[in-house]
Amino acid sequence: MKMKNKLLTILLCTIVMLFSYGCGNTETKATEAEATEAVSELLFTDLVKTGSMELQYAEQFSVDYYEGEYSMINIKDSGKYFVVPEGMPIPSDLENVTVLQQPLDNIYLVATSAMDLFCALDGIENIKLSGTDIDGWYIEEAKKALEDGSMVYAGKYSAPDYELILSKDCDLAIESTMIYHTPEVKEQLEKFGIPVMVERSSYESHPLARMEWLKMYAVLLDKEETAEQYFSEQVDNLQSILGAENTGKTVAFFYINSNGIVNVRKSSDYVPKMIEMAGGKYIFENLGDDNDLSTMNMELEAFYSEARNADYLIYNSTIDAEITTIEELLGKSELLADFKAVREGNVFCAQKNLFQESMGLGTLITDIHQMLTEEEPQMTYLYKLQ
């Protein structure tokens, strides 16, 4: 009898324990469900807009701010990107918007023009993967990072190393518009859950607008005060040049490809604008066509007809190889010997690192100004052909 009572007691205790555990577990699940429901109840449409980023020159992007330190980046013809602060919930009603969850510290950077902007923000450590190998970089910080292994080459835009990118927990891929030539790559990255941002700073027609993209990247890294101060300093450094009287001297900016065709900048491009800001005049006043490209090709005879009387020639080696002598230039075409700038020794070359150093555009304006106004200019991105 005692044994039977003991067994009954054990059975009753077991039932009570199981019931208590079940209730406790149900309560825990309910709490978790309530938390999940609370998170999912956050709606973007309920967030109060607190302001917008003030931009002086840039036209290809905008940024709106919302309560909770959320930000919405809108890049023209690229898309909208909602930046979520670390630890904050994601609104449940976002549509046709790419979500970027901070911190963004495992970035795959393919758009080379953005590297210099990250460097200016002291944010190169956020880039763990590069779309350009060490031999393709002219930015020393990028070369050093690839050398010491803090950044690794993960394949170019058209052939990324997906396995490597995934192994590095990539949280954002920053691409140039070249990615549109291989849309399947963008689609695959997004299938893997990697947000893709297509940047368009190269579509800005004003040189200072390209530099102002610094502010957009600062939103990603939460370094907007740093960006504002840095950009303001760059603009302030140009004030004496921008306020100077135009010299009226004409400048041609070009290169000659292997087929003997001359490639020049359209009049609406940022390079002619820099020449104007520096105190000169671009030799082609109304050069352009209907497409979105910033450059166009000309037959050598047409270039000769319109540019032979230019006061200065700047050879663009950012695409072609650098040249150091007038003799090398004439090796591309003997017609150039009859150009005024060649006869008077006013031929300069732009260094190859220029196209990667986006924050150096202000310095290039200073270089061009010195070229136009000083007999022995001390320049950074230009040098005189001998």
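Read-outs: derived from the displayed coordinates by stated rules, not from any lab. Please read all numbers here as calculations on a predicted model, not as lab measurements. Here Cβ is always computed from backbone atoms with ideal geometry, including for glycine, and neighbour counts include all displayed protein chains.
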Checklist entry - Over the Cα atoms of segment 46-235, how large are the radius of gyration and the largest Cα-Cα distance (Dmax), in Å? => result 15.9, 49
Next on the checklist: Within a 10 angstrom radius of the beta carbon, how do 232, 130 rank from fewest other beta carbons to most?
Outcome noted: 232, 130
Checklist outcome for this item: Output for segment 183-274: chymotrypsin sites (Phe, Trp or Tyr not before Pro) sitting in coil per DSSP, at most 16 other Cβ within 10 Å, listed by number, reads 192
Next on the checklist: Counting other C-beta atoms within 10 Å, and keeping those with at most 15, which DSSP coil GluC sites (Glu not before Pro) do you find in segment 201-270?
Outcome noted: 245
Checklist outcome for this item: log10 I(q)/I(0) for segment 304-349, Debye formula on C-alpha points only (no solvent), q = 0.14, 0.17 Å⁻¹, two decimals, reads -0.29, -0.43
Checklist entry - the chain: Rg/Rh from Cα coordinates, Kirkwood Rh? => result 1.19
Next on the checklist: Given bins 10 angstrom wide, list per bin the percent of all Cα-Cα distances in segment 245-384, short to long.
Outcome noted: 12, 47, 37, 5, 0
Checklist entry - For 373, 325, what's the fewest-to-most ordering of other Cβ within 10 Å of each Cβ? => result 325, 373
Item to check | From phi via Karplus (6.51, -1.76, 1.60), per-residue ³J(HN,Hα) for segment 153-159 in Hz, x at Gly/Pro | outcome: 6, 10, x, 6, 4, 8, 8
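Given contacts defined as C-alpha pairs under 8 Å and at least six residues apart, what's the relative contact order of the chain, whole-number percent? Can you show the working numbers first?
Details: 658 pairs, mean separation 49.0, N = 386.
Relative contact order of the chain: 13 percent.
Going through segment 289-352, which chymotrypsin sites (Phe, Trp or Tyr not before Pro) have at most 16 other Cβ atoms within 10 Å and a DSSP loop state?
Working: sites: 303, 304, 312, 315, 339, 348; in loops: 339.
Loop-located and lightly packed - none at all.
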Item to check | Lys pairs under 21 Å by Cα in segment 105-261, provided they are eight or more residues apart or on distinct chains | outcome: 18
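Taking 25 Å as R0, compute the FRET efficiency from the Cβ-Cβ separation of residue 159 and residue 45 and round it to 0.05.
On the way: r = 41 Å, r/R0 = 1.62.
The computed FRET efficiency comes out at 0.05.
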Checklist entry - Sequence-distant or interchain residues sharing an amide H contact under 5 Å with residue 314, placed H: which? => result 252, 253, 254, 348
Next on the checklist: Taking the beta-carbon count within 10 Å as an exposure proxy, list 369, 181 from fewest neighbours to most.
Outcome noted: 181, 369
Item to check | In Hz, Karplus ³J(HN,Hα) per residue of segment 136-141 (6.51, -1.76, 1.60; θ = phi - 60°; x = Gly, Pro) | outcome: x, 9, 10, 8, 4, 4
Item to check | Separation between Cα centres of segment 298-347 and segment 42-62, rounded to whole Å | outcome: 46
Checklist entry - What does the charge dipole of the chain about its Cα centre add up to, to the nearest 20 debye, if the Cβ of each Lys and Arg holds +1 and the Cβ of each Asp and Glu holds -1? => result 1120
Checklist entry - Between segment 355-371 and segment 215-264, what's the alpha-carbon centroid distance in Å? => result 6
